[in-house]
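Each remark here refers to the structure printed beneath this line.
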Amino acid sequence: MRRIGLMGGTFDPVHIGHLIAAEAAREAADLTEVWFIPTSVPVHKPQPGASGEQRRALVEAAISEHPSFRVEAAELDRQGASYTIDTVLELRARYPDVSFYWIVGSDMRDDLPRWRRIEELASLVVFIALDRPATGADAGHAGAESELPPYLRDRIVRGEMPGIGISSTDIRRRCAEGRTIRYMVPERVRAEIERKGLYGSRTAD
């Protein structure tokens with residue numbers, strides 16, 4: 001079976017941290033592909049600053065040169081509030097011959113027991129939990145899976161990625177302040193943000 005990693009998020013905008021995480025997950029679980037799933041209406045975050053189609057276009061620009069990355073528009077097409085369980089059920093019905101993996105950060109891994117219909121979700125996907133290299137006081141956190149309920153412990157694959165101090169929030173703020181976001185996002189994404197004047201950015205000459 002093909003092994004497909006799913007990375008959900010607002011991607012408002014997508015940045016190099018997202019891409020590094022996707023590549024780390026692909027390597028950790030020997031994935032065939034990683035599908036980026038832009039959220040339509042986030043449940044626990046403020047509404048995005050860019051439209052769904054604009055965010056989708058930014059992701060497509062960001063991953064255009066990676067042969068194993070693609071955009072999956074299931075949540076944008078479905079619209080409304082986006083819950084992981086609904087997306088996974090839809091994708092499994094459409095692709096019964098695929099083994100799906102859901103990519104999360106270490107902070108999200110700890111929150112998994114509170115996800116909507118998590119026991120059902122854990123029976124449908126394997127989670128790839130990405131940790132930053134553990135040092136000092138954080139070293140003891142590496143075994144945090146032992147604190148999770150039994151139905152989750154065997155459904156987690158661990159991966160490692162470098163700490164990237166970049167956030168979509170900071171990028172939006174920089175755009176609004178007229179500051180550079182070069183190297184924080186792929187060059188094609190930066191050009192698209194400036195061309196469309198997204199997030200209050202200045203349109204490129």
- Item | Enumeration of residues in the stretch 61-81 that are over 14 Å from residue 6 (Cα atoms) and assigned to a loop (DSSP other than H, G, I, E, B) | 64, 65, 66, 67, 79, 80
- Note on the structure: When the stretch 75-111 is checked residue by residue, the ones that are under 17 Å from residue 152 (Cα atoms), in contact with a strand residue (DSSP E or B) (Cβ under 7 Å, 6 or more places away or on another chain) and modelled with pLDDT under 95 are 105, 106, 109
- Query: So, of the residues in the stretch 14-29 that are touching a strand residue (DSSP E or B) at 6+ places or on another chain (Cβ under 6 Å) and touching a residue at least 60 places away in the same chain (Cβ under 8 Å), which turns out to be nearest to residue 169 (Cα to Cα)?
  - Reply: 15
- Could you count how many residues in the stretch 61-80 are acidic (Asp, Glu) and surrounded by 19 or more Cβ atoms within 10 Å (Cβ to Cβ)? 2
- Task: Can you work out which of the residues in the stretch 90-125 that are touching a residue at least 40 places away in the same chain (Cβ under 8 Å) and either under 15 Å from the mean Cα position of the chain (by Cα) or assigned to a helix (DSSP H, G or I) (or both) is surrounded by the most Cβ atoms within 10 Å (Cβ to Cβ)?
- Result: 103
- Within the stretch 174-202, tally of residues that are touching a residue at least 60 places away in the same chain (Cβ under 8 Å), part of a loop (DSSP other than H, G, I, E, B) and under 15 Å from residue 55 (Cβ atoms): 1
- Criterion violated by residue 199 - all others in (1) among the aromatic types (Phe, Trp, Tyr); (2) exposed (fewer than 12 other Cβ atoms within 10 Å of the Cβ); (3) in contact with a helix residue (DSSP H, G or I) (Cβ under 6 Å, 6 or more places away or on another chain) satisfied: (2)
- Only one residue in 164, 128 is at pLDDT below 95 and at negative phi, so which one is that? 164
- Item | Selected residue (criterion: surrounded by the most Cβ atoms within 10 Å (Cβ to Cβ)) from residues of the stretch 27-42 that are small (Gly, Ala, Ser) and within 20 Å of residue 131 (Cα to Cα) | 29
- Task: Inspect the stretch 13-23 for any residue being crowded, with 21+ Cβ neighbours inside 10 Å, charged (D, E, K, R) and outside any loop (DSSP other than H, G, I, E, B) and give the result as yes or no.
- Result: no
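Filter the stretch 155-173 down to the residues that are charged (D, E, K, R) and either in a strand (DSSP E or B) or touching a Pro at 6+ places or on another chain (Cβ under 7 Å) (or both) and list them by number.
Residues satisfying the conditions are 158, 160.
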- Tell me, yes or no, whether the stretch 43-55 has at least one residue that is under 14 Å from the mean Cα position of the chain (by Cα) and surrounded by 19 or more Cβ atoms within 10 Å (Cβ to Cβ). yes
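The values are calculated or read from the model by the stated rules, or taken from the named source; none is laboratory data. This structure is a prediction, so every number in the text was calculated from the model and none was measured. Quick reminder, even Gly has a Cβ in these numbers, built from the backbone with ideal geometry, and neighbours come from all protein chains shown.
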